Amino acid sequence: MNILPHKSYHVYNLKNKERVRKDEEKAKQEEAIKEERSRIAEREHRLSVLRQRAKQRQAVEDKDEQPVTKSNQDMTVQNVDSIQGHINFWADIEKESLAVVSTNPEYEAEKKAKEKKWEKQFTMYLGDVVKEQKPWYTRVESEFEKQYKEEHMRRFKDEGVTTIGDPLLTMKSKLDAKSKNKSKNGKYEKRDQLNTDFKESKSDSSSISSIEKLRAERLAREKKEHLRVQKLLNPNMITKSESTSRYHSQFNPDATKAAHELSEHPNLDHSDRYNNRYRSRRYRPY
């Protein structure tokens, strides 16, 4: 849109607008000439009809009329057309019409002003090309703008002088600046406090997580030690890790093997019998 006003095919360019205006004026002139020709032809036709009728009446009245006076002859001579040699009763009217047809500069200027005003009411210019033909920095400031700027600068200077010379305003500005600094410092202190609280909470959570980790490690060690002691006391005990899930032709072979070993060693104490019985029950199918 910024480049469009500079293009030759832009509709609202000055050259194109001037070309359109000239074409419209030319068309209006041609139309006026055609209308004038039609009016002249119609007028000539009417004149020819009236002349024929006048000749007929003149031929009838010549027998009874007396000779015309010299004054009447002068009047008829004035009305005789020099080109065609016939009487023209509308010579004055034709002169007036020709005077009206001739161009009047004041009338044309007034007509153009009215047309321009009418076009501005219904015409939208893209980018306001007509008004802004020059760069903004070459535009001359109006008197109103100059007065407005001078008044604004004078008022600004007066306000500066009054504020500098007034001690109350100076104290007020200092107090406002001090309160602003306090509010800024308070914001920074609050932010630092939040950061410290966050760090403390983070350290607390990390300490709690480390304690839980140590507790879990301790429980794992105790469980491992307990299993090792049980293995030493009961070498025949089968743990879940030692059991292998494999296919076998015998149903529940581990429990059957433990029962056979128990029957083969009758000298085991009561605790060993209880453990073996518990192990055999443990691997009994449901």
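Between K190, K174, which is of a type in the set (D, E, K, R), assigned to a helix (DSSP H, G or I) and modelled with pLDDT of 70 or more?
Result: K174 is the single residue among K190, K174 that is of a type in the set (D, E, K, R), assigned to a helix (DSSP H, G or I) and modelled with pLDDT of 70 or more.
With the condition kept exactly as written, say whether any residue in region 215-222 is at pLDDT below 70 and out of contact with any strand residue (DSSP E or B) (no Cβ under 7 Å at 6 or more places or on another chain).
no
With respect to A32, is the statement that it is modelled with pLDDT under 90 and part of a helix (DSSP H, G or I) true?
no
Within region 35-50, how many residues turn out to be farther than 15 Å from F89 by Cα and either exposed (fewer than 13 other Cβ atoms within 10 Å of the Cβ) or not assigned by TED's automatic domain parsing to the domain that holds W90 (or both)?
6
Specify which of the listed residues (E200, E159, E261) is charged (D, E, K, R), at pLDDT 75 or above and in a helix (DSSP H, G or I).
E261
The values are calculated or read from the model by the stated rules, or taken from the named source; none is laboratory data. Just so you know, these numbers come straight off a predicted model, no measurement behind them. Here Cβ is always computed from backbone atoms with ideal geometry, including for glycine, and neighbour counts include all displayed protein chains.
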